[in-house]
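Engineer: This is the structure I have questions about; it appears just below.
Laboratory data are not the source of any read-out in this text; all were calculated from the coordinates shown. Predicted model only: the values in this text are computed from it and were never measured. Reconstructed Cβ throughout: ideal geometry from the backbone, glycine too, with neighbour counts over all protein chains shown.
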DNA sequence: GTCTATAAGTCGATAGAC
DNA sequence: GTCTATCGACTTATAGAC
């Protein structure tokens with residue numbers, strides 16, 4: 001196989017990712033992907049056979065990469081509060097870097113939640129609920145009396161929610177508050193602080 | 001104007017709402033809307049001129065209705081904690097009733113955030129940030145020393161986030177935890193309790 | 001492998017009968 | 001107002017030259 005072909009394949013995938021995230025599964029056009037990738041439309045079918053195949057490749061790749069990036073940012077040591085703050089910061093930074101991805105995944109989840117589930121199964125050795133670092137750490141912290149006995153699952157949902165949702169609403173928020181810029185480091189730091197302080201106080205034993 | 005015509009127009013709008021929420025702006029098909037509404041495709045154009053017009057009508061109507069339903073459920077009296085608990089319960093019930101709507105709005109917000117902004121301007125007399133009941137109540141509660149001095153804007157974001165996000169993730173969550181049913185009253189009550197307890201403790205002066 | 005050209009099908013929109 | 005029939009534009013996909 002020609003290394004140039006592999007290179008071109010990656011190029012197409014990168015562009016397809018952008019177009020799918022921008023326009024969605026239905027809105028994306030093979031013509032636009034070809035144009036922006038600087039290749040002919042027929043070449044897309046040569047490499048990926050159909051729009052559906054290309055979409056599946058992009059969707060699965062993005063989900064896998066996203067989960068791995070989050071996992072890499074999770075610290076192993078330290079007490080639960082340290083762990084929590086670092087997790088919040090990492091997660092928010094990742095989401096702020098491409099909120100389009102989260103919006104895309106949530107929208108496409110209507111049909112594609114099985115794919116997300118399969119990726120989680122693979123990454124977390126068959127049992128995401130039991131093996132998720134966050135849930136493991138939270139349970140340990142409760143057992144050790146570091147935090148009060150909340151439901152770890154709901155706690156996890158609460159943390160993810162507060163980290164993600166404002167960035168999904170960003171276009172509206174920036175319209176409502178003209179001085180606001182959700183990509184600004186200061187806003188991100190503010191959110192980390194507000195979320196962490198709320199949790200730290202709300203979880204005290 | 002024939003009352004039957006108005007009836008048919010409403011029927012089309014109701015079906016169009018379902019199809020747009022299900023398939024999105026691009027994925028929705030005029031043919032499908034016509035079929036499910038039991039009318040001819042040409043009639044859609046007779047009433048609404050184009051797919052774009054029909055979409056705008058549906059989008060604006062849904063946003064307006066959603067905001068009004070939330071506002072109706074906001075209590076006037078009581079201390080901030082009572083207010084908070086009722087707000088959380090109302091908001092979650094509304095979101096749980098049709099998470100598809102929220103998913104749709106967030107996805108379409110890429111282009112449609114101006115519409116959302118216009119509706120908010122209209123409902124809140126030109127200044128949603130100043131006149132939003134939640135922000136007003138939060139500021140008063142801080143001034144009265146009922147809760148500690150957090151940023152009301154971030155507090156609002158946190159509450160909305162925790163109420164909405166889990167229902168956006170519902171398809172995945174139910175796959176991960178087979179016993180989970182996010183439409184079950186018990187899950188909804190659990191979430192209200194977990195969110196309220198976290199906030200009540202996290203906001204103590 | 002990469003291109004041009006085109007097939008095959010879909011969809012929004014409209015003309016025109018009733 | 002409501003229907004049938006069809007146009008015209010667009011999109012995916014492929015055939016075939018190079």
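Engineer: How large, in Å, is the protein assembly as shown by the Kirkwood hydrodynamic radius built from its alpha-carbon pairs? Could the numbers behind the result be given before it?
Structural biologist: Numbers: mean 1/r = 0.0430 Å⁻¹.
So the Kirkwood estimate lands at 23.2 Å.
Engineer: Using a Gaussian network model of chain B whose springs link C-alpha atoms within less than 10 Å, name the residue from B:19, B:95, B:150 with the highest mean-square fluctuation.
Structural biologist: Its mean-square fluctuation being the largest, the pick is B:150.
Engineer: Classify the range B:90-205 as rounded, prolate or oblate from the Cα gyration tensor: take a ≥ b ≥ c as the square roots of its eigenvalues, call it rounded if a/c is under 1.5, otherwise prolate when a/b beats b/c and oblate if not. Spell out each step's value before the answer.
Structural biologist: Details: a/c = 2.60, a/b = 1.18, b/c = 2.20.
It comes out oblate by the Cα gyration axes.
Engineer: Using a Gaussian network model of chain A with C-alpha springs under 10 Å, which one of A:78, A:126, A:24 is most mobile by mean-square fluctuation?
Structural biologist: Top of the fluctuation ranking is A:78.
Engineer: Please list, short to long, the whole-number percent of alpha-carbon pairs of chain B in consecutive 10 angstrom bins beginning at zero.
Structural biologist: Answer for chain B: a P(r) of 7, 28, 30, 22, 10, 3, 0 percent.
Engineer: Let me ask something else. Please label the shape of the range A:99-165 as rounded, prolate or oblate, based on the square roots a ≥ b ≥ c of the eigenvalues of the alpha-carbon gyration tensor (a/c under 1.5 means rounded; beyond that, a/b larger than b/c means prolate, else oblate). Before the final figure, lay out the partial values.
Structural biologist: Details: a/c = 3.23, a/b = 1.61, b/c = 2.00.
Since a/c reaches 1.5 but b/c is at least a/b, the shape of the range A:99-165 is classed as oblate.
Engineer: Say R0 is 25 Å: what FRET efficiency, to the nearest 0.05, do residue B:50 and residue B:117 get from their beta-carbon distance?
Structural biologist: Details: r = 24 Å, r/R0 = 0.94.
E between residue B:50 and residue B:117, to the nearest 0.05, is 0.60.
Engineer: Inter-copy label distances at residue B:82, 7 Å along the Cα→beta-carbon direction, one decimal in nm, shortest first?
Structural biologist: Those label-point separations list as 4.5 nm.
Engineer: Once every DSSP H run of n ≥ 4 in chain B is given -39500 (n - 2.57) and the sum is divided by its residues, what mean residue ellipticity at 222 nm do you get, rounded to the nearest 500 deg cm²/dmol? Numbers along the way, then the final one.
Structural biologist: Numbers: 11 runs with 163 residues, N = 205.
Here the helix-only value at 222 nm equals -26000 deg cm²/dmol.
Engineer: Please give the average number of partner chain Cβ atoms lying within 10 Å of the Cβ of each residue in A:166-177, rounded to a whole number. Working shown, then result.
Structural biologist: On the way: counts 7, 0, 9, 9, 2, 9, 11, 4, 2, 8, 11, 3.
Partner-chain Cβ atoms within 10 Å, mean over residues of A:166-177: 6.
Engineer: Between the range A:36-93 and the range B:56-83, how far is it from one alpha carbon centroid to the other, in angstrom?
Structural biologist: 36
Engineer: How tilted is helix A:51-72 with respect to the longest principal axis of chain A? Cα atoms for both, answer in degrees (0 to 90, nearest 10).
Structural biologist: That helix lies at roughly 30 degrees to the long axis.
Engineer: Can you bin the range B:1-66 into rounded, prolate or oblate? Criterion: square roots of the alpha carbon gyration tensor eigenvalues sorted a ≥ b ≥ c, rounded for a/c under 1.5, prolate for a/b above b/c, oblate for the rest.
Structural biologist: Numbers: a/c = 1.69, a/b = 1.21, b/c = 1.40.
The shape class here is oblate.
Engineer: Turning to a different aspect of this structure: In degrees between 0 and 90, to the nearest 10, how far off the longest principal axis of chain A does helix A:3-27 point, with axes built from Cα atoms?
Structural biologist: That helix lies at roughly 70 degrees to the long axis.
Engineer: So how much slack lies between residue B:189 and residue B:9, counting 0.36 nm per residue of separation and subtracting their Cα-Cα distance, in nm? Please list the in-between numbers first.
Structural biologist: Numbers: separation 180, 0.36 × 180 = 64.80 nm, distance 3.81 nm.
Computed gain between residue B:189 and residue B:9 is 61.0 nm.
Engineer: Compute the label-point distances linking residue B:9 to its equivalents in the other copies; points lie 7 Å from Cα along Cα→Cβ; give nm, one decimal, shortest first.
Structural biologist: Result for residue B:9, in nm, nearest copy first: 5.6.
Engineer: Would you calculate the separation in nanometres between label points at residue B:127 and residue A:23, each defined as 7 Å from the Cα along the Cα-to-beta-carbon direction?
Structural biologist: Label at residue B:127, label at residue A:23, 4.3 nm between them.
Engineer: How tilted is helix B:99-123 with respect to the longest principal axis of chain B? Cα atoms for both, answer in degrees (0 to 90, nearest 10).
Structural biologist: 80
Engineer: Other chains' Cβ within 10 Å of A:101-111 residues: what's the mean? Present the calculation step by step, with values, prior to reporting the outcome.
Structural biologist: Values: counts 0, 2, 5, 2, 3, 9, 8, 2, 6, 10, 1.
Counting other chains' Cβ atoms within 10 Å and averaging over A:101-111 gives 4.
Engineer: Right, something else. Per 0.36 nm of contour for each residue apart, how much would the distance between residue A:135 and residue A:73 grow if the chain were fully extended, relative to their Cα-Cα spacing? Show your work: numbers first, answer last.
Structural biologist: Numbers: separation 62, 0.36 × 62 = 22.32 nm, distance 1.55 nm.
So the extension gain works out to 20.8 nm.
Engineer: What gaps in nm, shortest first, separate residue B:177 from its twins in the other copies when you place the label 7 Å past Cα toward the beta carbon?
Structural biologist: 3.1
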